[in-house]
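The values are calculated or read from the model by the stated rules, or taken from the named source; none is laboratory data. Please read these numbers as outputs of a predicted model, since none were measured by experiment. Cβ: placed from backbone, ideal geometry, glycine included. Neighbour counts: every protein chain shown.
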Amino acid sequence: MPESTFLDVNELVLNMGPQHPSTHGVLRVILKLDGETVTGTECVIGYLHRGVEKIAENRTYIQFAPYVDRMDYVAAVSNGLGYCLAIEKLLNIEAPPRAQAVRVILTELNRITSHLLWLGTHALDIGAITPVFYCFRDREEALKIFENYCGARLTTHAFRIGGLQYEVYDGFEQEVRAFCDMFIPKVDEYEELLTNNRIWVNRLKGVGVLTGDECKEYGVTGPVLRAAGVKWDLRKAQPYSGYEQYDFDIPTAQNGDTYDRYTVRMEEMRQSVRIMRQAIEKIPAGPIMAKVGKVVKPPAGEAYVSIEAPKGELGYYVVSDNSTQPYRVRVRPPSFVNLQALDRMVRGGLIADVVAIIGTLDIVLGEVDR
Amino acid sequence: MADEEIPASAAPPAGAPPKVAAPKPAAAAAAGAHAPPKPPPAMAATPWDGPLTGSLKQAFGDQISQYSTYLGQNFVVANAEALDSILDFLKLEADFDYLVDITAVDYPKAEKRFELVYILYSFASNERLRIKIHVADGVKAPSAVHVHVGANWLEREVFDMFGVEFEGHPNMRRILLPEEWTGFPLRKEYSILKQDDRWVKENLGIESGH
Amino acid sequence: MVRLLKTIFLWDLLQGLWVTFRNQNPKYICTEQYPSERPKIAERYRGAPRLNINPDNGETLCIACNLCALACPENLIVVGSARNEETRRKELSYFTYDTSRCMFCGLCEDACPVDALELTQDFELASYTRDGAIWDRQMLEEGPKPSKYLS
Ligand code: SF4
Ligand code: SF4
């Protein structure tokens, strides 16, 4: 290139991660910069790839259940619910009503813990240190309920195919109720800290806009889609596990920017509390396990079942060949698909916003890489 | 694992002799974890007929060979060449504007061993539809990227795990595994303990990972 | 006008600071002073494994049925058994449990027909060597003995 000197090149390629505090794990983003403007990105993922889908083919249906907890490890209960529902669909059975109610309570509790972790780390990325302490303090209360219920805090393995393994413990209702009462003022407190804070607002408003149509194009789901004004939630659209009995709203926002995603998630936590309050009042009596043999052996066939995980649509596509091991399990991870939209969101923005946008996508690398 | 390993009977009372046969040595259990793949028995799907099938039949004729439903989930089996136009048709005419997932299933015994599954969803009618195409090993499948942008990474993952290449994909590279990796882990002949020993040795400096 | 004044006097920041200030109240302290203060562990906690022994005669409850080993997704339990010629019963000869690979899912515990294997509330499983993570029958029966640095 004789006619250009190195001074003409004003593009800078910057590597971010895989060990960067604000990439939430081991995400590596290669940024192409023009000054401070991002002109392109390339995500390098797979550092946490454990081959979950391959493991599934070598385990029995029951044995694979603990592994799904380890994909989205901050929302392990949701993962387990999706997996159990998928196998139940293949077996053509349904969990008894009591099990369904408990499942709903725990899944909503899990949604809160997941959102709290998101809020804390997201705020930390933006530079607000205080929320992370409060979030973890309150998340602890929810984790205690998990621990009391099933004996583990994070990778819970709470549900089994056909229902529940554990009956609720004494005092479960009171603890959940106490959590609900405690939690709503706390959400107000977080909002007091952040919603009007000028730094917070200026850092988030208008950053990383993704319109509803773009979301659909990329397959982005969950709070990101709802913040773009699409009122779509699998809990309402295709209710599972008895969600149709509960009265709740789907929070949406209009602009599809980072700030809107924040408000949507805050509202979602309130709605989760609302669902839990309704569910805890009427846990039906009865068995907690449907009739499932000790050996789970679904008839040959396939099913795709998806649930609304805290991050978006979490789907399981399971192919059975009438043996005790799945022939193929495919997980449709919401984080993986959502992360794909990162390029569209950061392009044209400033480099400082990349951190905010990765935070707002709420990805968990365990699920991106599986 | 064989069925008789975990008896279906209820737990015997304490002290009673166990009902299972003598335990297998642990080595057998580890080796038994990888049973040779056998052709799956057919699934009991029933034919599917609805308003959508009519328009699909009209538009594509014998390009779509099967309309089925199983457990209330509809799927069609199509020719690989027609995939593009089917996706396009479904997106524009039938509002299937959300490509949920692309994945593959490996049937090594079949003539065209890879079954690619496209899961679509329509926001307007709250409906799901699966499209399946079959491609043989080494044959390129058509890419869906110019119909659904979101297909990009999903196709890369299928390539990464199964080695199915997509014609017309802008960036057909591995996504989860390192780029120099050889072998496609989700193929049935790839055993669970297998890995690319050369890559592991070169990059991690250890003989093997297990 | 009110908004302008609020902007000038940094009302939003003061509001946030007030929240922080409120939370200074010592009654909100939730730090646990581990290890001098033992954390409260749930009854169902799935921690260190234990092979229960019959309190009456000190014999193991395990009937060497191997169900736990088969249920385990990680294949980490090895149960050895030998036939006792006198009582003509199968008896446990050895039992190893590799805690380094265990994910504490509880499937083995569920599978055990006589409640011999149990995941207990002990959570201090660290050891200095890799071999120390593989527990034999004796260790499983007696439980881990973590060194105590603070009384
Ligand atoms: S807890 Fe789970 S992983 Fe650990 S030994 Fe028991 S079954 Fe295996
Ligand atoms: S399942 Fe229980 S009784 Fe059977 S070998 Fe394991 S610990 Fe012993």
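Structural remarks
- Criterion: touching a Pro at 6+ places or on another chain (Cβ under 9 Å) and more than 30 Å from A:Lys291 (Cα to Cα) - qualifying residue of A:Ala123, A:Ala56: A:Ala123
- Filter pass, B:Leu92 being assigned to a helix (DSSP H, G or I), surrounded by fewer than 19 Cβ atoms within 10 Å (Cβ to Cβ) and out of contact with any helix residue (DSSP H, G or I) (no Cβ under 6 Å at 6 or more places or on another chain): yes
- Among (1) farther than 17 Å from B:Tyr98 by Cα; (2) in contact with a Gly (Cβ under 7 Å, 6 or more places away or on another chain), the one test that A:Asp181 misses: (2)
- The lone criterion from (1) modelled with pLDDT under 90; (2) more than 8 Å from every other protein chain (Cβ to nearest Cβ) left unmet by A:Gln340 is number (2).
- Per-region count, the stretch B:107-127, residues surrounded by fewer than 20 Cβ atoms within 10 Å (Cβ to Cβ), within 18 Å of B:Leu56 (Cβ to Cβ) and of a type outside the set (A, V, I, L, M, F, W, C): 3
Conditions tested, residue by residue: (1) farther than 30 Å from A:Thr156 by Cβ; (2) of a type in the set (S, T, N, Q).
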{"position": "C:Cys62", "(1), (2)": "no, no"}
{"position": "C:Glu85", "(1), (2)": "yes, no"}
{"position": "C:Thr99", "(1), (2)": "no, yes"}
{"position": "C:Pro113", "(1), (2)": "no, no"}
{"position": "C:Asp122", "(1), (2)": "no, no"}
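- Close pairs (6 angstrom Cβ cut-off, 6 or more residues apart or separate chains): within 13 Å of chain C (Cβ to nearest Cβ) in the stretch A:196-210, surrounded by 14 or more Cβ atoms within 10 Å (Cβ to Cβ) anywhere: A:Asn196/C:Asp12; A:Asn197/C:Asp12; A:Asn197/C:Gly16; A:Arg198/C:Asp12; A:Trp200/A:Leu194
- Residues of the stretch B:164-176 that turn out to be touching a Phe, Trp or Tyr at 6+ places or on another chain (Cβ under 9 Å) and surrounded by fewer than 20 Cβ atoms within 10 Å (Cβ to Cβ), as a count: 4
- Pair list, Cβ under 9 Å, 6 or more apart: the stretch C:90-104 residue away from chain A (no Cβ under 14 Å), other residue within 14 Å of ligand 2 (Cβ to nearest atom) and basic (Lys, Arg): C:Leu92/C:Arg137; C:Ser93/C:Arg137; C:Tyr94/C:Arg137; C:Phe95/C:Arg137; C:Thr96/C:Arg137; C:Tyr97/C:Arg137
- Selection status of A:Asp181, among the acidic types (Asp, Glu) and either touching a Pro at 6+ places or on another chain (Cβ under 8 Å) or modelled with pLDDT of 85 or more (or both): yes
- Hey, A:Thr130 within 18 Å of A:Glu267 (Cα to Cα), in contact (Cβ under 8 Å) with a residue 40 or more places away in the chain and touching a Ser or Thr at 6+ places or on another chain (Cβ under 9 Å) or not: no
- From B:Ala33, B:Ala82, B:Ala59, residue being modelled with pLDDT under 75 and either within 14 Å of chain A (Cβ to nearest Cβ) or over 30 Å from C:Ile77 (Cβ atoms) (or both): B:Ala33
- Criterion (surrounded by fewer than 21 Cβ atoms within 10 Å (Cβ to Cβ), away from chain B (no Cβ under 11 Å) and closer than 25 Å to A:Ala65 by Cβ) met by exactly one of C:Asp122, C:Asp110, C:Asp115, C:Asp131: C:Asp122
- Subset of the stretch A:119-140 (residues that are surrounded by fewer than 21 Cβ atoms within 10 Å (Cβ to Cβ), at the interface with another protein chain (Cβ under 9 Å from one of its Cβ atoms) and not small (Gly, Ala, Ser)): A:Thr130, A:Phe133, A:Arg137, A:Glu140
- Flag if C:Glu118 is within 13 Å of ligand 1 (Cβ to nearest atom) and either touching a residue at least 60 places away in the same chain (Cβ under 8 Å) or of a type in the set (Phe, Trp, Tyr) (or both): yes
- So C:Cys62, is it more than 11 Å from chain B (Cβ to nearest Cβ), free of Cβ contacts under 8 Å to residues at least 60 places away in the same chain and more than 12 Å from ligand 1 (Cβ to nearest atom): no
- When the stretch C:1-56 is limited to residues that are among the charged types (D, E, K, R) and more than 12 Å from chain A (Cβ to nearest Cβ), the one that is surrounded by the most Cβ atoms within 10 Å (Cβ to Cβ) turns out to be C:Arg50.
- Residue check for C:Tyr94: more than 14 Å from ligand 1 (Cβ to nearest atom), surrounded by fewer than 15 Cβ atoms within 10 Å (Cβ to Cβ) and modelled with pLDDT of 75 or more: yes
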